[in-house]
Structures are given as C-alpha cells and as structure tokens.
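> One structure, pasted below without further comment.
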Amino acid sequence: MDVVHADRMQWGGTLTAHRAGHMTHKVLFEGEEGSPDNYLFVLANEQSDYYSPRHRHAWDQVRFCLEGSVPIARDLTVDAGEIGYFPEGVHYGPQQGGPNRIVLLLQIGGASGLGYLSVQQVQRGRELLSAEGVFEEGVFKRTRGEGKKNEDAYQAIWQAVTGRPLAYPRPRYKTPIILRPSGFDWQPVPQLPGARRKRLASFAERDLSLELVALDSGCRYPLPAARSRRLIFVRAGAGRCAAVGLQAHSAARLEPGEAATFSADMPCELFIIGAGLVSEAAAAVHSQLDPVSRVQEG
C-alpha cells in the first residue's frame, strides 16, 4: 500500500500545456508507461481561463469536482460534489469559462487496450512537434512538414510519440455521464456498525467502479484483497491505515492482491475507485477465442 498527502504538496506545473489557459497539478499516483493499464491520478487546480475544444479520448476519465464547477459543454457542468465519467471515444466540450475549480482527476487506459500516454510521453510529443508548428487553443497548427494542418493537440502528440494515427475506440456511451452522489442514499454495511456506503456506478467492460464510504469515529473498515487496483481519496475527516495517519486529501493505493483496514479517528468520508486490469481482461478474452477466430485476428 502507498499513501500520499496532497495537502503537503506544492502545486506543480501544468500537465496540459497542449491546451490553453492555466491549470496546475498535484500528482498523487502514476501507472506504468506503455501498459494498457497506465493511469494518472491527480488533484487539478483549473483556472477560469482554461480552454479545450470539443474532443474525445482514447482512454477513460473520472472527474470528481471538489470545489467550483467544471464546464464540459455548452450549458452542461460538473458541479461541486458531482462526478463525471468520460468514457473513451465519447465527444464532449468545448470546455471554457466557469469559475476556478479544484478537481480530483483520474485518467486511465480504457477497455480498448490503447492505453494512456505518460506525462513524459506527452512532453516528448510536444517537443517533437514544436519544430513543425504551434499549439493554439488546444489545436496543433502545422506550419512545416507533412501531416494535417490543423489537428486536436493530443491526437497530434499521440501520433508523434507512437508513430501511428490515433484510431479512437467505438464509443460505448452516447455522452459523458454525470453522477450526483447527493441523490444516493447511504446504505448500512452489514456487520460493520458505523459504516455506510454509496455504490455510485460500475462500468462492466472496463471493470471500473465508483463508491463513497462514510465512517463514524472509531469505526474500522476493512478492504479485503481484490483483483482490482483501488485508489482511495479521503474527502473529509481523519484516520489511519496500517499505522499511517490520514487526513482530508490524503490518498492511498492498493495494488491487486493487497488488503488494508481504515480506522476513523473522527467521522470521515472516502472516495474509492476500483479499476480492473485491462491487460488481464484482454488476455482472458483472447484465451476463450476458438482457433479460427484467433487466425482471423491475425
């Protein structure tokens, strides 16, 4: 188990310099570069001048708005206390205007297995493309060399880094999904007095789950070993896990097979994201194909 404390970190530079406006980050956890399960888990401080055009991802994204409001399309926002799920292949945007906001953000390789570029890969892509054009308003505008004259900035970076065009996965949903946790009722956890849970969503093919857990002071909440990776964010309160103190905006990571028990020193609330391994799921599907299908797959 790994634990970090966001409130002890300084805001770092932007990780989205290919877009426009100002955003700073606190990196909580990162995955493995090149893996279909690669991910980035951060706190983002987005300013009102931040802008990105209408676009889509080749990976999944979860945004928990902690303060302010995130505009994700004309007349559509993710407000404080709400959670947005942005599935791979689904368009949204433009993102412009609104107030300053603090957002807990997970970007993670989706069910397609295309993966997610690391921070270092995105930086290398920008450096490579700087010799061929400029980034303006979230778009790469080519002034020399071969390729599209105007292209989504991330899409251009993807091709520069991987050497191949970005073939977006077929969208499984029509629009992003916005969850309102305040509309869910707290459910008691059997045999755990003082613990309550809101199971917010589960997206089966990606094996991605979102839930909130509330603990009364003195309550112990076990998280048994699982096949999924789990990212836990302390939304409020304080407690301990494996003798490590936790406070508001602390985060913990449990890798597959790891177990932990959270103890609440005062009433606290946890946001828990479960993410199955895409690489493992893909291998399982492939093993079930008949020999003819495997030949056709190439």
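> Quick one: net charge around A73, please, counting Lys, Arg +1 and Asp, Glu -1 for every other residue with C-beta under 15 Å from its C-beta.
+2
> In square nanometres and to one decimal, what's the mean projected area of the convex hull around the Cα atoms of the chain?
Result: 17.0 nm².
> Oh, and also: Could you name the lysines in cross-link range of K141, using Cα to Cα under 27 Å and dropping any fewer than eight places away on the same chain?
K149
> Then there's this: Which residue, S228, S182, S250, tops the fluctuation ranking in a GNM of the chain built on C-alpha contacts under 10 Å?
Among S228, S182, S250, the largest GNM mean-square fluctuation belongs to S182.
> I need the trypsin sites (Lys or Arg not before Pro) found in the stretch 71-140, filtered to DSSP loop residues with at most 15 other beta carbons within 10 Å of theirs.
The qualifying sites are R74.
> At a Förster distance of 25 Å, what's the computed FRET efficiency of Y168 paired with A17, Cβ-Cβ distance as r, to 0.05?
0.65
> For the stretch 1-109, run through the chymotrypsin sites (Phe, Trp or Tyr not before Pro) and keep only the ones in DSSP coil with at most 15 other Cβ atoms within 10 Å of their Cβ.
Qualifying residues, ordered by number: W11.
> What residue among G257, G274, G245 shows peak mean-square fluctuation when the chain is described by a Gaussian network model with Cα springs under 10 Å?
So, out of G257, G274, G245, the one fluctuating most is G257.
> Could you calculate the FRET efficiency of R199 with E136 from 1/(1 + (r/R0)^6), where r is the beta carbon distance between them and R0 is 35 Å, rounded to 0.05?
0.25
> Can you pull the percent of Cα pairs in the stretch 11-179 with separation above 19 Å?
That fraction is 55 percent.
> Can you compute the label reach from Y51? Point 7 Å from Cα along the Cβ direction, backbone N cut-off under 11 Å, restricted to the stretch 65-102.
95-97
> Enter the per residue convex hull volume of the stretch 142-210, computed from alpha-carbon coordinates, in Å³ rounded to the nearest integer.
Hull volume normalised by residue count: 181 Å³.
> Further, regarding this structure: Among the lysines, which fall within straight-line cross-link reach of K26, defined as a Cα-Cα distance under 27 Å, with same-chain neighbours fewer than 8 residues apart omitted?
K198
> Taking just the alpha-carbon atoms of the stretch 176-217, what radius of gyration and Dmax come out, in angstrom?
Considering the stretch 176-217 through its Cα atoms, Rg and Dmax are 12.0, 36 Å.
Just so you know, all these numbers are worked out from the coordinates, no wet-lab data involved. Model, not experiment: these values are computed from the prediction. As a convention, Cβ positions derive from the backbone with ideal geometry for all residues, glycine included, and neighbour counts pool all protein chains shown.
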